[in-house]
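Asks: Here it is, the structure, as structure tokens.
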Amino acid sequence: MTARKSIPFSRVRRLAVIAGHAFTQLVRMKVFYFLGFFAVIGIASNFFNLPQQSGPEALGDNGMDLLRLIKSWSLGPMTLFSVVMGIVSTALLLPKDVEDRTLYTILAKPVPRLDYLAGKLMGVLLLLFVSLALMDLLMVIMLQVRLSIVLEVQASLGQSRGWDAAAIESLRQDTLAQGPTWALQGAVAAVFIRSAIMAAIALLISTFSSSTLFTTVVSFLIYFIGHFQADARDFYFEGGEAGTSAASRYLAMSVSLVFPDFQLFNVIDAVIQGKTMQLIQFVKLTLAGLYYVAVYTIASWFVFSDKEF
Amino acid sequence: MPAVEIRHLVKDFKTSLKRQPLRAVDDVSITIEAGEVYGLIGPNGSGKSTTMKALLGLVVPTSGTCSIFGKDSLKVDSREDVGFLPENPYFYKHLTGAETLEFYGKLCGLRGAVLKDRVSELLALVDLEGARDRRIAGYSKGMLQRIGLAQALVQEPRLVILDEPTAGVDPLGSRQIRDLILKLRDRGITVFLCSHLLEQVQEVCDQVGIIFKGKIVKSGRLQDLIAIEDQTEIILKDAPPELVAEIEALVKRSGSAEWLRSGKPRTTLERLFLRETSGDES
Ligand SMILES: Nc1ncnc2c1ncn2[C@@H]1O[C@H](COP(=O)(O)OP(=O)(O)O)[C@@H](O)[C@H]1O
Ligand SMILES: [Mg+2]
């Protein structure tokens, strides 16, 4: 009789609809252009000090320092932007639907509450992914441009100073490691994973808080706890070696089951320094990301499924 | 199978820790047969919206059960055959009228050409074709109610639930909405609406229930409830005064009935307003 019955109802498609909608909603909120604008400025400002630094200083450490600087100045704004945006946009979405009562109209359709939550989160993740991909592209282009300049200067200087081919080649390899590598893409993925975890945390908090501000503040607190819990744990265990009981180890373990341990993400700094990222490290990060996002989404669902509006 | 079955619904809301919970709905039972228009009337705060939300699974009953076409309201699939227009609805500001309907249609699994046709059909039904590509942010109250009604109808549900569909809408818009409800009835769609605007309910409903402080105090067929059983009305057009006098004399002579009054019936202010503003002879 109705069209609805002749088409098989696919859950994936419904999730995509909710996610796509959340994505457009966020894109049309101008505040995020503003944030993105800052990140672009931050990355693009790397272009400005090109002339002074591409002279003879480009040889050796100076050239590599320059490349490191670009990476850290790019990944810094990317981290800041993605974490702030992941938290704030998630914290905005739910209270807005409750306040405008648009939530009634959605939940009055045959939409399971889990799909609603997961769809919203996926919309935020899509936004994070797209903006990080754009910034990543910008960073890679910049790095490539500078890298080729640095390599050129190195080669000509090396020859004029009569270095042997092995020395030039080894310097070249060292410099290439500072350019756009797979490890660098891994670091960008790590930035994305961390912001995804933060978005999922913000989702959980916003299911029981009705204010965006509260959600944002608590999420940032958890972000900092995530960064310092490993330090605190190390300090505690090293300081009181004798008194470290099994109980306190379990306590630390269970803390890290609930609060994400962002120590894993220190690999980003290592990549900026030119170290490579092992595949196993990347797999670990991805699994940790999936674990935390799934845990927080399911917890959100538990809170949200009993909620009345 | 009835379209709506609410059995002994009780809903308590926790207010503060100390005070005892507020009983918003107190042992309400309502059965609505398919194809009927049911009006729930009562003052503000009497539990109308809460009853509807329980029926849609938006709040969980403290006790009692609700079902739609036999499916338990607490299950998601009960919502496949129902459309809901909430009180003072508001939609995503960043979407246009057409995008709004597309969004809700997609949530119900519609897509492609079917969805497109459905959206155009609904926009025509609620007379918003002119505002199709305007953002919702610029819609008036009456337009919001109508796009809300269209949204409720998107998957062609057999039941629509309307919470105060005409509240806050000017007489013209309110007339349009009532005409829409009558159109739905003609198509055999069951309508469950609530309102505190009694004359409007009177005009469209087959069945009414009066709710007060969470309890249904009276319910039944509208015609039965409001008919004055021992009176008969005769309305004549262009009757000369002599004829009226003659009829009155006839009635008095017969002795089996009492002549109460005669005079000119008054049009309602609403009808006058509509006639003056739209040239419509209703
Ligand atoms: N979420 C809620 N929390 C607490 N009290 C509520 C809630 N929703 C409704 N109420 C109370 O329940 C009563 C009935 O409300 P409602 O169903 O909205 O009435 P109506 O729609 O008839 O105006 C009111 O006293 C209202 O204050
Ligand atoms: Mg109400």
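Asks: Within 10 Å of each Cβ in peptide B:86-98, how many partner chain Cβ atoms are there on average? Round it to a whole number, please. Let's see the in-between values first.
Replies: Values: counts 7, 2, 2, 5, 6, 4, 9, 5, 7, 4, 0, 0, 0.
Other-chain Cβ atoms within 10 Å of each residue's Cβ, averaged: 4.
Asks: Something else: Tell me, what ³J(HN,Hα) does each residue in the range B:231-237 have, in order and in whole Hz, if you take phi through Karplus 6.51 cos²θ - 1.76 cosθ + 1.60 with θ = phi - 60° and put x for Gly and Pro?
Replies: With the stated coefficients, the range B:231-237 comes to 10, 10, 10, 10, 10, 10, 10 Hz.
Asks: While we're looking at this one, here's another question. Leaving out ligands and nucleic acids, and using a 1.4 Å probe, what accessible area per residue does chain A come to in Å²?
Replies: Numbers: 14720 Å² over 309 residues.
Result: 48 Å² per residue.
Asks: Quick one: buried accessible area between B and A, total over both chains, 1.4 angstrom probe, nearest 100 Å²?
Replies: 3300
Asks: Report, in cubic angstrom per residue, the convex hull volume of the C-alpha atoms of the range B:1-102.
Replies: Spelled out: Cα convex hull of the range B:1-102, divided by residues, is 146 Å³.
Asks: Turning to a different aspect of this structure: Which order do B:259, A:301 take by accessible area at a 1.4 Å probe, largest first? Mind showing how you got there, number by number?
Replies: Details: B:259 70, A:301 95 Å².
The most accessible residue leads, giving A:301, B:259.
Asks: Turning to a different aspect of this structure: Below 11 angstrom from the Cβ of residue B:121, what's the summed charge of the other residues (Lys, Arg +1; Asp, Glu -1)?
Replies: -1
Asks: Report in % the part of the accessible area of the protein assembly as shown that belongs to carbon and sulfur, leaving out ligands and nucleic acids; probe 1.4 Å.
Replies: Numbers: 18080 of 29680 Å².
So the carbon and sulfur contribution to the accessible surface is 61 percent.
Asks: With label points built 7 Å along Cα→Cβ from the Cα atoms of residue B:62 and residue A:28, find their separation and express it in nm.
Replies: 4.1
Asks: Residue A:305: net charge of surrounding residues, Cβ under 13 Å, Lys/Arg +1, Asp/Glu -1, itself excluded?
Replies: Surrounding charge for residue A:305 is 0.
Asks: Rounded to the nearest 10 degrees, what's the angle between the helix B:141-152 long axis and the longest principal axis of chain B, both from Cα atoms, 0 to 90?
Replies: Here the helix axis deviates by roughly 70 degrees.
Asks: Let me ask something else. Residue B:182 versus residue A:65, label points 7 Å from Cα toward the beta carbon: distance in nm?
Replies: A separation of 8.5 nm, rounded to one decimal place.
Asks: Would you please calculate the Kirkwood hydrodynamic radius of chain A over all C-alpha pairs and express it in Å, rounded to one decimal? Intermediate values should be presented prior to the final figure.
Replies: Values: mean 1/r = 0.0457 Å⁻¹.
For chain A, inverting the mean 1/r across all distinct Cα pairs yields 21.9 Å.
Asks: To continue, here is another question. Which whole-number percentage describes the relative contact order of chain B, with Cα contacts under 8 Å and a sequence gap of 6 or more?
Replies: On the way: 477 pairs, mean separation 62.8, N = 282.
This gives 22 percent for chain B.
Asks: Which residues' amide hydrogens lie under 5 Å from the amide hydrogen of residue B:215, considering only partners 5 or more residues apart or on another chain, with H built in the peptide plane?
Replies: Residues meeting the criterion, in which the H sits 1.01 Å from N, are B:26.
Asks: For chain A, take the longest principal axis of its alpha carbons; what is the angle in degrees between that and the long axis of helix A:113-160, to the nearest 10 within 0 to 90?
Replies: 0
Asks: Please compare each pair in B:11/B:106; B:75/B:215; B:48/B:106; B:71/B:218; B:48/B:141 to a cut-off of 23 Å on the Cα-Cα distance and tell me which ones are over it. Write out the running numbers ahead of the final one.
Replies: On the way: B:11/B:106 32 Å; B:75/B:215 26 Å; B:48/B:106 29 Å; B:71/B:218 26 Å; B:48/B:141 21 Å.
Where the Cα-Cα span goes over 23 Å, the pairs concerned are B:11/B:106; B:75/B:215; B:48/B:106; B:71/B:218.
Asks: Could you go through the range A:270-277 in sequence order and give the Karplus-derived ³J(HN,Hα) for each residue, using 6.51 cos²θ - 1.76 cosθ + 1.60 with θ = phi - 60°, rounded to whole Hz, and x for Gly and Pro?
Replies: Per residue, the Karplus-derived 3J(HN,Hα) values read 4, 5, 4, 6, x, 6, 8, 9 Hz.
Asks: Okay, next question. Give the dimensionless ratio obtained when the Cα radius of gyration of chain B is divided by 2.2 N^0.38 Å. Spell out each step's value before the answer.
Replies: On the way: Rg = 22.4 Å, N = 282, 2.2 N^0.38 = 18.8 Å.
Relative to the 2.2 N^0.38 Å estimate, chain B comes out at 1.19.
Asks: While we're on this one: Using only DSSP helix segments of four residues or longer, with each worth -39500 (n - 2.57), what per-residue ellipticity at 222 nm results for chain B after dividing by its residue count and rounding to 500?
Replies: Working: 9 runs with 97 residues, N = 282.
Dividing the helical sum by the residues of chain B leaves -10500 deg cm²/dmol.
Asks: Whole-Hz ³J(HN,Hα) for each residue in the range B:51-62, computed from phi via Karplus 6.51 cos²θ - 1.76 cosθ + 1.60 with θ = phi - 60°, x for glycine and proline: what do you get?
Replies: Using θ = phi - 60°, the values come out as 4, 5, 5, 5, 5, 8, x, 7, 10, 9, x, 5 Hz.
Asks: What number comes out for the charge environment of residue B:174, summing +1 per Lys or Arg and -1 per Asp or Glu over other residues with Cβ under 12 Å away?
Replies: Numbers: positive: B:141, B:146, B:175, B:178; negative: B:164, B:170, B:179, B:199, B:203, B:270.
Summing Lys/Arg as +1 and Asp/Glu as -1 gives -2.
Asks: Continuing with this model, one more query. Which of B:204, A:296, A:128 sits closest to the plus end of the dipole of the protein assembly as shown, meaning its Cα is farthest towards the positive end, when Lys and Arg get +1 and Asp and Glu get -1 on the C-beta?
Replies: Positive-end residue among those listed: A:296.
Asks: Next question, about the same structure. Please enumerate, by chain and number, the lysines with C-alpha under 28 Å from the C-alpha of residue A:275, excluding those fewer than 8 residues away in the same chain.
Replies: A:71, A:284
Asks: On to the next question. For peptide B:154-165, compute the average count of partner chain beta-carbon atoms within 10 Å of each residue's beta-carbon.
Replies: Working: counts 2, 6, 5, 3, 2, 0, 0, 1, 0, 1, 0, 0.
Across the residues of B:154-165, the mean count of other-chain Cβ atoms within 10 Å is 2.
Asks: Sticking with this one: Where does the Debye-calculated log10 I(q)/I(0) of the protein assembly as shown sit at q = 0.06, 0.07, 0.09, 0.13 Å⁻¹, using only Cα point scatterers of equal weight, no solvent?
Replies: The calculated log intensity ratios at q = 0.06, 0.07, 0.09, 0.13 Å⁻¹ are -0.48, -0.60, -0.85, -1.30.
Asks: Follow-up. Springs between alpha-carbon pairs under 10 angstrom, Gaussian network model over chain A: which of A:83, A:153, A:267 fluctuates most?
Replies: Result for chain A, Cα springs under 10 Å: A:153 fluctuates most.
Asks: Angle check, please: helix B:112-125 long axis (alpha carbons) against the longest principal axis of chain B (alpha carbons), in degrees 0 to 90, nearest 10.
Replies: With rounding to tens, the tilt is 30 degrees.
Asks: Something else now. Mind checking the per residue accessible area of chain B for me, 1.4 Å probe, whole number of Å²? Display every interim value, and only then the final one.
Replies: Working: 14960 Å² over 282 residues.
That works out to 53 Å² per residue.
Asks: Give the long-range amide H neighbours of residue A:163: residues separated by 5 or more places, or on another chain, with amide H under 5 Å away, using H modelled in the peptide plane at 1.01 Å from N.
Replies: Long-range HN contacts for residue A:163: none found.
Asks: Oh, and also: Placing +1 on the Cβ of each Lys and Arg and -1 on the Cβ of each Asp and Glu in chain B, which of B:269, B:195, B:49 has its Cα farthest towards the positive end of the resulting dipole?
Replies: The listed residue farthest towards the positive side: B:49.
The values are calculated or read from the model by the stated rules, or taken from the named source; none is laboratory data. Computed from a predicted model, the values in this text were never measured in an experiment. Methodologically, a virtual Cβ is constructed for each residue, glycine included, from the backbone with ideal geometry; neighbour enumeration extends over all protein chains shown. Accessible surface areas use protein heavy atoms only, side chains included; no ligands, DNA or RNA. Shrake-Rupley method; radii C 1.70, N 1.55, O 1.52, S 1.80 Å.
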